[in-house]
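Here the structure is laid out as structure tokens; the discussion comes afterwards.
The values are calculated or read from the model by the stated rules, or taken from the named source; none is laboratory data. A quick note: this is a predicted structure, and the numbers were derived from the prediction, not measured. Because the Cβ atoms are built from the backbone with ideal geometry, glycine has one as well, and the counts that use them run over all protein chains shown. Accessible surface areas use protein heavy atoms only, side chains included; no ligands, DNA or RNA. Shrake-Rupley method; radii C 1.70, N 1.55, O 1.52, S 1.80 Å.
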Number of protein chains: 2
Amino acid sequence: MSETVAALQHALQQERLSVTNPRRVVFQALQDAEPQTMPQLIARCRGVINRASIYRTVVLFERLGIVQRLQIGWKYKLELSNAFQHHHHHLTCLQCGGVTPLPEDALLEKQLDRLARRHDFAAQDHQLEIRGRCASCQT
Amino acid sequence: MSETVAALQHALQQERLSVTNPRRVVFQALQDAEPQTMPQLIARCRGVINRASIYRTVVLFERLGIVQRLQIGWKYKLELSNAFQHHHHHLTCLQCGGVTPLPEDALLEKQLDRLARRHDFAAQDHQLEIRGRCASCQT
DNA sequence: CTGCTTGCAAATCTTTTGCATTGAA
DNA sequence: TTCAATGCAAAAGATTTGCAAGCAG
């Protein structure tokens, strides 16, 4: 069992929730791939886990802070959230559709905090997407 | 006719597209409200414009850079884009669901540019959402 | 006129729900 | 054993498409 699946177990047990096979499978599917759409995730679990259970699991994981939904262009995508993966932002290539994670940038983070505070807003979380053309699509 | 509808006309004519009533209605519905979901937009045009035409119009407007889809929590919302409204970001309150626009912050913008450039990424656009609790929900 | 746009209706895709059954603790 | 969690199937909701009719240019 991988180390991160152990973390999943921990998160579930802490809430007295069962550690079931569907939950493990969905978690690993999320772990193995780039941010993915719901249909992609469903395809990844095809035959093994029922569609409805995947939806239910994603909702649960979101409540537990295990996954987060990103709006990438038009449709949302899913990825593991900060507790299971470093906090980061995304570069979306409008040409090839690729999504590249950006390494954390302390300066930027600090600046966003300050910005929120300036507006009496208690920031908990944020998302940033930069859209344009990736290095390899610039010919 | 309002000034901004004139801008819509201009944008359409420049592409040799018809200035039709559905397009005007959808445009004004977008102009009159906060960022809204597709069902909200449809409700706003209820009876006047057909659902399918609204979808088609939104796709067109997006291609023309007139509207943009935002990640607001879970579902996307639509709003007029930068050419028709000042560039800005959003504070989303997780408690009351309100979405507050942030005034443009030159320092932040510059930094995002720098960040993209550092990764050989030709940025065209970006979106930032900060989530947390707004001033009035902090009791 | 002429071809772009629309409305309508049906198809398709996505998400949610009720209920009987299964399985983790 | 017990209750939460699952699978299944059907419902509900969102989005797309084909086609005939309408309207802007």
For A:Gln95, only one of the following conditions fails: (1) within 14 Å of chain B (Cβ to nearest Cβ); (2) within 13 Å of DNA strand C (Cβ to nearest atom); (3) part of a loop (DSSP other than H, G, I, E, B). What is its number? (2)
For region B:29-56, what are the residues that are more than 7 Å from DNA strand D (Cβ to nearest atom) and not in a loop (DSSP other than H, G, I, E, B)? B:Ala29, B:Leu30, B:Gln31, B:Asp32, B:Gln36, B:Gln40, B:Leu41, B:Ile42, B:Ala43, B:Arg44, B:Ser53, B:Ile54
Hits in region B:1-19 - residues which are over 16 Å from B:Val67 (Cβ atoms), within 12 Å of DNA strand C (Cβ to nearest atom) and in a loop (DSSP other than H, G, I, E, B): B:Arg16, B:Ser18, B:Val19
With respect to the numbered conditions (1) under 27 Å from B:Arg63 (Cβ atoms); (2) surrounded by 19 or more Cβ atoms within 10 Å (Cβ to Cβ); (3) of a type in the set (A, V, I, L, M, F, W, C), which one is the sole condition not fulfilled by A:Cys96? (2)
Residues A:Arg131, A:Arg118, A:Arg114: which one is within 10 Å of chain B (Cβ to nearest Cβ) and open to solvent by less than 70 Å² (accessible area, probe 1.4 Å)? A:Arg131
Where the second residue is open to solvent by less than 30 Å² (accessible area, probe 1.4 Å) and within 11 Å of DNA strand D (Cβ to nearest atom) and the first is within 14 Å of chain B (Cβ to nearest Cβ) and touching a residue at least 40 places away in the same chain (Cβ under 8 Å) and lies in region A:36-65, which pairs have Cβ atoms under 8 Å and are six or more apart or on separate chains? A:Met38/A:Ile54; A:Met38/A:Val58
Please find, among B:Val59, B:Val26, the residue that is part of a helix (DSSP H, G or I), exposed (fewer than 14 other Cβ atoms within 10 Å of the Cβ) and within 15 Å of the chain's Cα centre (by Cα). B:Val59
